[in-house]
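*Asks:* Provided herewith is a single structure, encoded as structure tokens, for subsequent inquiry.
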Amino acid sequence: MSHNNRMLQNFLICAGAVVPSAIYLIIGVVLRATRVLGDRAVKKFTHVIFVALYPFMMFDNLYDKNITEHLEAMLVVYAVGFTLLQLVMSWWFVCKVEPDNYHRGAMIQALYRSNYVLMGLPIAINLFGKGNVAPVAVVLLFVVPIYNASAVIIFEKFRGGKVDFKQMLLHILTNPIMEGGIAAVIVILLGIRLPEVIHGTVTTLSDCTSPIALILLGAGLNFNAFKSDRSKIAICTSGKLIVFPALGIAGAVALGFTGPELIALTLMVSTPVALASYAMASSMGGNGRLAGELVVITTALSCFTIPIWLFILKSAALF
């Protein structure tokens with residue numbers, strides 16, 4: 001195979017991993033534009049999916065896997081370490097460039113908090129197949145609590161409130177993603193084998209989670225709401241989709257990560273702003289409108305930037 005043909009094949013593989021997610025998002029956008037789904041319905045159904053289906057998706061991606069095989073210390077240490085580094089750097093930088101506490105929380109959250117569950121996991125499955133993405137699920141188990149806890153601390157800090165650490169811990173442990181992961185770990189450690197009829201049902205529920213959730217995400221994107229300062233959007237978008245991915249991926253490659261582990265880390269740093277950041281900012285005294293705009297623009301642009309990052313790694317034969 002010629003060099004050009006190989007490059008084209010690599011690009012098609014990487015683009016193909018993102019295309020399904022983009023199609024689901026577009027379906028959601030169309031449903032919103034045709035008023036089949038409105039804001040209230042999207043909010044309600046998103047909550048239903050989060051509570052009822054996310055645990056099964058997380059469980060299914062860990063069940064029947066050798067956790068100790070994928071619970072590589074360096075993978076967890078790097079994922080947690082770089083997430084905390086992103087948080088610290090984002091906090092420091094935003095406080096330098098933005099004087100208003102009202103905007104700071106939304107901007108910091110946009111720089112480090114990724115939509116890893118909705119965008120990252122489906123792309124990894126498209127690349128490696130459903131049974132080969134345990135490293136992504138393992139990273140999720142450790143990173144999601146950091147996202148949730150740090151977001152609460154950030155917004156409480158900038159609105160002058162106090163953090164209730166007991167309540168925060170309770171919220172983390174009762175997060176549906178954590179519940180599914182913890183249940184899977186318990187089942188695996190105890191050597192419990194689910195009856196095939198139950199396992200099949202769990203798998204079916206898991207399979208339908210990402211398409212429905214991505215359609216709802218698309219339906220929740222409001223492209224008519226851009227009213228905030230463009231400089232804030234430019235800073236957060238470039239940091240979220242270019243600067244931090246470049247740093248995170250370079251560090252992972254330098255440490256020798258390859259294959260699914262490298263892609264798990266790549267998707268952790270390159271996926272767009274988490275949808276939950278909008279609700280968090282709106283409910284905790286931050287600039288919810290800016291947070292929503294950042295979700296929209298980073299989600300749309302990530303459909304182009306993620307394939308580029310994957311293509312670079314694929315061309316270097318790193319997965």
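What follows draws every value from the coordinates through simple rules; no lab data is involved. Everything quoted here is computed from the prediction, not taken from an experiment. So basically every Cβ, Gly included, is an ideal-geometry build from the backbone, and we count neighbours across all protein chains shown.
*Asks:* Calculated FRET efficiency, residue 6 and residue 159, Cβ-Cβ r, R0 51 Å, to nearest 0.05?
*Replies:* About 0.45, to the nearest 0.05.
*Asks:* Here is a further query. Taking amide H positions as placed in the peptide plane 1.01 Å from N, state which residues far from residue 114 in sequence (5 or more) or on other chains have amide H under 5 Å from it.
*Replies:* When sequence neighbours closer than 5 places are left aside, the close amide H contacts are 274.
*Asks:* Would you mind calculating the relative contact order of the range 215-319 from Cα pairs under 8 angstrom and at least 6 residues apart, reporting the percent as a whole number?
*Replies:* Across the range 215-319, relative contact order equals 34 percent.
*Asks:* With the dipole of the chain worked out from charges on the C-beta (+1 for Lys and Arg, -1 for Asp and Glu) around the Cα centre, which of 254, 154, 203 lies farthest toward the positive end?
*Replies:* Farthest towards the positive pole: 154.
*Asks:* Using a 7 Å offset from the Cα along the Cα-to-Cβ direction at both residue 97 and residue 169, what is the distance between the two label points in nm, to one decimal?
*Replies:* Output for this residue pair reads 3.7 nm.
*Asks:* Once the piece of chain linking residue 234 and residue 192 is laid out straight, how much longer is it, given 0.36 nm per residue of separation minus the C-alpha distance between them?
*Replies:* Computed gain between residue 234 and residue 192 is 10.2 nm.
*Asks:* May I pose another question? Could you grab the relative contact order for the range 1-144? Cα pairs under 8 Å, six or more apart, rounded to a whole percent.
*Replies:* Worked out over the range 1-144, it gives 37 percent.
*Asks:* Could you work out the longest stretch of the chain that avoids the trypsin sites (Lys or Arg not before Pro) located in DSSP loops with at most 11 other Cβ atoms within 10 Å?
*Replies:* With a cap of 11 other Cβ atoms within 10 Å, the longest stretch comes to 36-161.
*Asks:* Using only alpha carbon pairs under 8 Å that are at least six residues apart, calculate the relative contact order of the chain and give it in whole percent.
*Replies:* 34 percent
*Asks:* If you only keep lysine pairs separated by 8 or more in sequence, or across chains, how many in the chain come under 26 Å at the Cα atoms?
*Replies:* Value for the chain: 19.
*Asks:* Considering the alpha-carbon set of the range 1-149 alone, what are its Rg and its Dmax in angstrom?
*Replies:* Here Rg and the maximum Cα pair distance are 18.8, 56 Å.
*Asks:* I'm a student and want to see the number: the projected area of the Cα convex hull of the chain, averaged over all directions, in nm².
*Replies:* 17.3 nm²
*Asks:* How charged is the neighbourhood of residue 306? Take every other residue with its Cβ under 15 Å from the Cβ of residue 306, and add Lys/Arg as +1 and Asp/Glu as -1.
*Replies:* Around residue 306, the surrounding residues sum to +2.
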